[in-house]
Structure formats: structure tokens, C-alpha cells
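Remarks on the structure that follows.
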Amino acid sequence: MTAPAQRRMSRVDTAWLRMDNDVNLMMIVGVWLVTPAIPLAVLRERIETRLLKYERFRFKAVADMTGANWVEDEDFDIARHVVVEKIRRRRGQGERAALQQRCGELAVTPLDPRHPLWQFHLVEQYEGGSALIARIHHCIGDGIALISVMNSITDGGNDPPQRPAGPDADEDPDADPDADWLSDAVLKPLTGLAVKALNMYGDGVVHAIDMLAHPSQPLLGSRDMARVGLQVASDLAALALMSDDTPTRLKGRPVGRKRVAWSEPMPLEAVKVVGRGLGCSINDVLLSCASGAIGGWLRDQGDDPEGAEIRAMVPVNLRPIEKAWQLGNRFGLAPLVLPIGIANPVERLYAVRARMNQLKGSYQPLLAFGVLAISGLLIKPVQDVVLGLFAKKTTAVMTNVPGPAQPLKFCGATLRQTMFWVPASGDVGVGVSILSYAGGVQFGLITDAALCPEPQAIIDRFEPEFQKLLLLALMLPWGEEAQAA
């Protein structure tokens, strides 16, 4: 009998596999709302013909003493992974609230480790169409990779590139994802797309990696190398010596019961208008709205957040975008301090911009990637201690993922709205997601019930915070100079 195919799991993916604990599971949970409704049989056929072309969705994760392997599931059954979900509504509960409740329950329901770590739940009738809840373990891939994969299973989506077969199979990048990462993103000069992907946190890292790609250059003693060395040393110290996060009611011991919420989309063009008018990036505007919403919610709870700041770990993509189909986790983490205690919306926006500028040129995302890779080599108790240091100094995980600019079709239906929630490690109990899609941008929030039992109350504050900035931006003089900006 032929043994099932298997591949070694990368160190970083192994770290994510072992990061589950009793209050936080490392699952990315997403929702697609489609109109009209789609039948279960059609959905299963689409998943079989498209998603299963990605090897990791046919392979289970099998841990051993030194790490883990991807092992082909010889007992794979599509009916186990694509199931019908019956939403039970309490008296007086609307469809949206019932769906959010179920998403929260599924976020703390473990996936079956005997099979590939993913599952789709089809709510056949929802708001005149269907809702699709996706649960995918983080060890399979990060947000950028999974967005790419999910887009590929829509109507007209592109299949993944063909992988080598036969004697060339050992050259498959999935055979050693760490080697692939080092080769593509560190030891070779970065391509234009990779530079663009890294550019969100500055040219310094791009230049340093390019220097590493040319080992024959006389680096020791050079002014550039001295600058790089000082920056790396500074960032290592910053990661190690970060103060514990400011205590608020959003930071505490989670109990492992999740609540989720999401907003209706805001026009992305309006966000761009605010950014141009106030001289800030789109990201600055959105993060400022998030800070204001959290601060306002704390005031509603009777707290005084004046002068308070909380730290959010922001994932930073470290891969060439064209390699996203390879899956795996290739991102760093940048600690962003959110000025939740600044009530003035413009003052808060400029404070966010200043903090984002401080991250530009920082090596912290690369160093955080290294910490994750190293922790994947350690036994789980030691890994938990290492990664717990991040959680102690953090209130939230916050991610911003760009989606398609045009509406997509899925199984003949229109994908009218999409949202996802990021998992949090250790004792972190808050995850903020920002997703742009089809000309709109929306916020999602997942919280632990012990810290914030009604996350919709925070979500409902996002748009009012944005409207304040929009009103101020529209009051500015819009001459040629402003339009040029």
C-alpha cells in the first residue's frame, strides 16, 4: 500500500499550528453574503474543483516531536468540510444578529485535527440569498494568501500555477516554505511588486534586504551597514523592552466565548477625499476612526480614556504578492500605538499619522517574523512563553486587507458583502479587521465576551467618527493645490 504524500511544515506555520489555547483558537473566520441563494451541491462542486487544487486543503497537519508535517488525508470527504448550517434565532433576534452569534460560536469550536483544518458552513437562506461562513486554521496561510485563494474560487478566478511532478517535486516551494521565503524575499533582490508590498513600512528594509542579496559587497565597516546594524539593534531593543500595554477594560483574562460584529461598507472614495484633504493616508484615516470608536465606547462605559493609548499588533505582508497562492505565513508584526484618549478627531488623526511614520524604516516586522520562526523550533511550553511576551504588551490585533475593487460572482450569485476576523494569540481578546471590497470599506470586530460582550456598540461608532473627519475635510478650501495633493 502506498504511503500518503507528505511535506515538512515550515517553522512559522508550525508555530501557528501550536498556538491554539483554551481561550483563543488560531482560526481565520470569514463570511460571504451572496444573492441569490446557492445550493449545497453547487457549493461542494465548486470547492472540489477549485479549492482542492491547493494542496494544503487536502492535507492534514500532523505534529511530531520536532515540528509537524503536511500529510495527505486518505479519508478526505467533501461532505465533512462543506456543511449546511442552521441558524437558530432567539425571540426578537434579527437575521444579522443570529448570524453574528453563530460566527462567534464557530470561532471557538475546534476544527477536527484528524482531517484538513478548514470548514465551510452554508446558511442556505439568509437575507434573500445565502451566507457562507469559512473557518480556516492560520497554519494553512495568512490573510493575504487566503484572500488570494478565496478570490480564485469565484467565477472566473485563476487556478494556482502548476506544481512540479515526478523527480522535480522536491523543488516544489511547499517542500520547504522557509527556504522559499529566504530565497524569494531575503537572498534575492526584491522585484518591483515585492518592493511595493514592503513599502508600507519604509524603504530602509527594502534596501537592507537588497544588500543581503549581494554578499560580495564590502558591507562591514560601510556607512550603510552601520546604519542598518544600528536600526536592527534599536528595533530588537524596542521589541524586547516594550512596556506592558495600558490597562483598559479591553485587556484582561478572556474566557473563550467570542462575539463578532461588522459594519455596513463606507464609500472608499470618501475615505480618499478625507485623506487628500487632511494630508494623510487612507490607512491613517481608518486607524484614526478605529481609535476614536474604541475611545468613545470606553467613555460610554464610564471610563476616562483621556491620554490613554493601547497597542495593536499590525500584520505587515513580507511576500511578493504574486506568490500569495503558495499559502503559508509570511508576515511580520508591527506594534502600533493607538491614541484612543484623544477626543479631537483631527488631533487624533495626526497622532496616528505620526505613529505610522515612526514605523517606516523599522525592521520590527522582519524581527517578529524571525521570532515566530524560532518559536516553531521550540517545544510548545517554551513557545507559549515567548509568544506570551507579545500578548502581554498588546490589547488588540488589527489588520487591513485590500479586496477586489469590483463585485465578484460566486456560483452564479453576486458576492455582495464580505468580512473576516483575525485570531488573537495568548490572552489578547480583541481583533479589528478592515477590509475594502467593491468600492467600499468596512470594519469587523471580534471580542471576548468577558472583555466586550457587545462589540456592535464599538462598530456603530466607526462611521460617526469618519463623518466628523469628512465634514472637516469638506470645509477646507479645495483649490488647485488641495486637488493636486
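Some values worked out for this structure:
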item: Condition met for CYS280 (crowded, with 20+ Cβ neighbours inside 10 Å, in contact with a strand residue (DSSP E or B) (Cβ under 9 Å, 6 or more places away or on another chain), in the same structural domain as ARG353 (by TED's automatic domain parsing) and not β-branched (Val, Ile, Thr)); result: no
item: Test: residue in the range 129-144 that is among the small types (Gly, Ala, Ser) and modelled with pLDDT under 95; result: yes
item: Long-range neighbours under 8 Å by Cβ, at least six apart or interchain, first residue assigned by TED's automatic domain parsing to the domain that holds GLY141 within the range 323-351, second modelled with pLDDT of 85 or more and hydroxyl-bearing (Ser, Thr, Tyr); result: none
item: Failed condition for THR414, given (1) assigned to a strand (DSSP E or B); (2) surrounded by 22 or more Cβ atoms within 10 Å (Cβ to Cβ); result: (2)
item: Within the range 441-469, considering residues that are surrounded by fewer than 20 Cβ atoms within 10 Å (Cβ to Cβ) and in contact with a helix residue (DSSP H, G or I) (Cβ under 7 Å, 6 or more places away or on another chain), the one farthest from ILE342 (Cα to Cα); result: ALA457
item: ARG80 out of contact with any helix residue (DSSP H, G or I) (no Cβ under 8 Å at 6 or more places or on another chain) and either closer than 30 Å to ARG259 by Cβ or at pLDDT below 95 (or both); result: yes
item: Matching strands (runs of 3 or more DSSP E) fully within the range 1-64 where at least 2 residues are of a type in the set (A, V, I, L, M, F, W, C) and touching a residue at least 24 places away in the same chain (Cβ under 8 Å); result: 27-35, 59-64
item: Conditions (1) closer than 17 Å to ASN357 by Cα; (2) touching a helix residue (DSSP H, G or I) at 6+ places or on another chain (Cβ under 7 Å); (3) touching a residue at least 60 places away in the same chain (Cβ under 8 Å); (4) not basic (Lys, Arg); number of the one not met by GLY275; result: (3)
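The values are calculated or read from the model by the stated rules, or taken from the named source; none is laboratory data. Bear in mind the structure is a predicted one, so any value in this text is a computation, not a measurement. Backbone-built Cβ (ideal geometry, glycine too); neighbour counts: all protein chains shown.
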